[in-house]
Amino acid sequence: MRYRRTRAGVLSALLAATLAATMVPAQAQAEPAGATAQAEPNQVQDLAVVQGDGYATLSWTPVDGATDYQIERTPVAEDGTATGTAVITGVWRPNRQINNSEPTFADAGFAPGNRFQWRVRARVGTEAQPYSTPVAGLTNAHWGDPDTPGQNLRTQWENTLGAQYTSDVNEYAYTQAVDELSERVRVVEIGRTIQNRPINMFVVGYPTPPATPEAVAATNPLLVNCNVHGNEPGDREACLIMARQLAFTDDAKTLDLLSKTTMLILPTLNGDGRAAGARGNSTGQDLNRDYSLIRQPETRAFVEMVRDYRPIAGYDGHEYGNANTGDLPMLPPRHQNVAQGIFDESQNMIEGHMYSQGAKDGWWACPYGCTGANVGLGEETILRNTLGLKNVVNSLLELRSSGGPTRPDESNTANNRRRKTYSALWTFNQFLQYHGANTKAITTARAEAITFQSTNTGRIVFRGSRPIEAHPAPHPGETPPPLDAPTPERILQQPPCAYKLTEEQYNGERTDGPVGQRTTVAQRLAAHGWKVIKVADGYLVPLAQPERGLVPLLLDGQAVEGLVAGERVMPTRTGTHNGPLTLTGVNCIDGATLRGPLRVQPGATLIMTGTSVNGPIDVTGAAGVFLGGNTVNGPVRVVGTTGPVNVVGNKVSGPVDVLNTQGAAALVAGNTVNGPLGCSGNATTPVNLEVANSVSGPKFNQCSRL
Ligand SMILES: [Zn+2]
């Protein structure tokens, strides 16, 4: 809902801007009489230049009837005399931004720290109009005072002005130096590549980062994944620079943001591919087609990191070889199993924040695809979708590989590389700003998503996307990616309540990973953080858990890229039952009405969703208990469970107790309890994944902070 309001706001602002531009010729109104007395007809007025990190934002007053604008840049000396050739470096087109009444262009590609003069001219059709009065300025040097330790670190890429990318060895040295010199940074090795390169992650907080993954998770962290395709290094260089900025900046606003969250920057997931300049890892596997299947050690390390650090928002950096697309194609998780709120908030981040800020700073964000290309679809193996299915608000980020028609001065490789990296740096800094301003909306969307998924509600889509609506031409997003709706054979209307796997399916070694580092389904599901119930004849993976949307995509025989074809376990009870009920064996109750007490015997399993229970629920010594989205009039007692326990999104009139459970941490989240909540004697302290319970009574012992 929130996204729709924002979108409506954007559209009405657009309408207002269009009307204003139509009704009031801006050139004629912009200056008091006399100030622009020398202006020639159709000459651009009011050119202003503001310096950013690696770019300069040009803005000007629109010329009535202009088709586009050309941006000219000339190197100059301090006295203003030209020291080099004037070059057209940019072409502004109306589809760059959502408000054509205030045109801006982020000129980039120059070597930082040099002085230039800029002019802008309109074109009407192909006919060039007079240039604006020139504006000169000194561009920002590489970020950081050269005389301040830490700030004075530079990457290999910076030192060579983009001629060389930072090597793996130099990345590790730089990373270590940032780590050693900054109290705000801890560098964590989350795993190793197949060729044994460290996979490092900057953990950045102020004044210091929290000490453990669990403590980081409590700060609603944000994540940037900088390099999964080894031949797309532009984002990675931005990440290395941003890590230094965050580690050593004195900027009060940035420090305030860092004091409220933790930033996770993963510069190089695919170190082997980067060293080889290859898209895939050392086996040739495209890691961005492996985040759900986690056949490779790199993706497995990443998924385990997400499980443990629990970012609430993310960006995934790439480069895109399409000359006609925007500077910065972006896309939310579109897979239809992603919770609506996660999709909406991701779209709000892109179209609400990035489009608006891009219009102010001159960067051209647009939806991935942008030109109608058949990309940006619903594969759950892609990080964008995998993260969405893990309830993380996120976006893909592409950097347009070539200059294309709107940046005609990028035949020089360094120019091209600098534009790409500094546009990524802008995006990641904007991401931090967005996160700071929207933490509440993001955490609300995440909590609702976790609760919704845990109720196992609604159809399953094996593959297929939500539509990305077009913006009205000529603005960004006029050509969204393909509809990619699910075909009928990729829809399962009635979800099972669990998948049952055999011993061989669950614990047998898979042959789809690299030799020497092969893993089992059990290990992969554990890496995802899913809970599994051991039963007499196999293993049950209930859908009533936070990553419900991803479960069938790996374990159903109908999945497009599944791991194993588990047996669908359908609900065993759905209707109305009057009187007491005592359960043994495996019980799957969905959408039922139970009038009377419910007792679950030792060794039994209960998976219950969307059910109304009038009477107490008493579970003792069960193999596993999953309660999602039920309404219970009476107390709930879960005692001595030997396997997993999830109690999510229930409404309970009466006390809730989780006692003496023996398995992994019970998940007790998003419940409304009219009464006390008590947990004690559990082998592992119960958790809520930062999804608070609403409890009218006191919260005791191990549940006191849930
Ligand atoms: Zn890529």
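Residues in the stretch 50-93 that are over 37 Å from the mean Cα position of the chain (by Cα) and small (Gly, Ala, Ser): 7 in all.
Restricted to the stretch 391-403, and to residues that are among the polar types (S, T, N, Q) and assigned to a loop (DSSP other than H, G, I, E, B), which residue is surrounded by the most Cβ atoms within 10 Å (Cβ to Cβ)? Out of the qualifying residues, it is Asn391. Inside the stretch 336-353, can you point out the residues that are touching a Ser or Thr at 6+ places or on another chain (Cβ under 7 Å) and of a type in the set (A, V, I, L, M, F, W, C)? Hits for the stretch 336-353 are Met349, Ile350.
Scanning the stretch 445-486 for residues that are small (Gly, Ala, Ser), over 19 Å from Leu331 (Cβ atoms) and under 19 Å from the mean Cα position of the chain (by Cα) turns up just one, Ala447.
Return yes when Ala211 is assigned to a loop (DSSP other than H, G, I, E, B), without any contact (Cβ under 8 Å) to a residue 12 or more places away in the chain, away from the ligand (no atom under 16 Å from the Cβ) and at negative phi and no when it is not. Yes: the conditions hold for Ala211.
Just so you know, in the stretch 400-416 the residues that are within 16 Å of the ligand (Cβ to nearest atom) and over 17 Å from Phe105 (Cβ atoms) include one that is nearest to the chain's Cα centre (by Cα), and it is Ser401. Taking interchain pairs and intrachain pairs at least six residues apart, which have beta carbon atoms under 9 angstrom, with the first residue in the stretch 505-516 and touching a residue at least 60 places away in the same chain (Cβ under 8 Å) and the second charged (D, E, K, R) and not in a strand (DSSP E or B)? From the stretch 505-516, the pairs are Arg510/Arg295; Arg510/Arg518; Arg510/Arg524; Asp512/Arg295; Asp512/Arg518; Gly513/Arg295; Gly513/Arg300; Pro514/Arg295. Selection of the stretch 677-704 for residues being free of Cβ contacts under 8 Å to residues at least 60 places away in the same chain, part of a loop (DSSP other than H, G, I, E, B) and under 19 Å from Gly649 (Cβ atoms) yields Pro686, Asn688, Asn693, Ser696, Gly697, Cys703. Take Leu377 and tell me if it is touching a strand residue (DSSP E or B) at 6+ places or on another chain (Cβ under 7 Å), within 16 Å of the ligand (Cβ to nearest atom) and under 24 Å from Pro103 (Cβ atoms). Against the criterion (touching a strand residue (DSSP E or B) at 6+ places or on another chain (Cβ under 7 Å), within 16 Å of the ligand (Cβ to nearest atom) and under 24 Å from Pro103 (Cβ atoms)), Leu377 does not qualify. Being surrounded by fewer than 23 Cβ atoms within 10 Å (Cβ to Cβ) and either of a type in the set (D, E, K, R) or more than 16 Å from the ligand (Cβ to nearest atom) (or both) holds for only one residue in Gly372, Gly358, Gly362, Gly388, and it is Gly372.
Residues in the stretch 214-235 that are crowded, with 20+ Cβ neighbours inside 10 Å and away from the ligand (no atom under 16 Å from the Cβ): Val216, Ala217, Thr219, Asn220, Pro221, Leu222, Leu223. Of the helices (runs of 4 or more DSSP H) that lie entirely inside the stretch 236-355, those containing 3 or more residues that are more than 30 Å from Asn456 (Cα to Cα), more than 16 Å from the ligand (Cβ to nearest atom) and under 21 Å from the mean Cα position of the chain (by Cα) span 252-260. From Asn231, Asn227, grab the single residue that is part of a loop (DSSP other than H, G, I, E, B), under 24 Å from Leu328 (Cβ atoms) and out of contact with any Pro (no Cβ under 9 Å at 6 or more places or on another chain). Testing whether each residue is part of a loop (DSSP other than H, G, I, E, B), under 24 Å from Leu328 (Cβ atoms) and out of contact with any Pro (no Cβ under 9 Å at 6 or more places or on another chain) leaves just Asn231. Touching a strand residue (DSSP E or B) at 6+ places or on another chain (Cβ under 8 Å) and within 18 Å of Gly321 (Cβ to Cβ), is that true of Arg407? When the stated conditions are applied, Arg407 passes them. Scanning the stretch 74-108 for residues that are closer than 24 Å to Ser356 by Cβ and not β-branched (Val, Ile, Thr) yields a total of 16. Looking only at residues of the stretch 50-65 that are surrounded by 20 or more Cβ atoms within 10 Å (Cβ to Cβ) and of a type in the set (A, V, I, L, M, F, W, C), we find that the one that is farthest from Gly109 (Cα to Cα) is Val63.
State which residue pairs qualify: first residue under 22 Å from Phe343 (Cβ atoms) and inside the stretch 308-324, second residue among the basic types (Lys, Arg) and within 16 Å of the ligand (Cβ to nearest atom) in any location, beta carbons under 8 Å apart, and separation of 6 or more residues or different chains. Filtered contacts from the stretch 308-324: Asp316/Arg384; Gly317/Arg236; Tyr320/Arg400. For the stretch 180-210, filtering for residues that are of a type in the set (D, E, K, R) and surrounded by fewer than 18 Cβ atoms within 10 Å (Cβ to Cβ) leaves 4.
Values quoted throughout were computed directly from the atomic coordinates according to the rules given, and no laboratory measurement underlies them. This structure is a prediction, so every number in the text was calculated from the model and none was measured. Quick reminder, even Gly has a Cβ in these numbers, built from the backbone with ideal geometry, and neighbours come from all protein chains shown.
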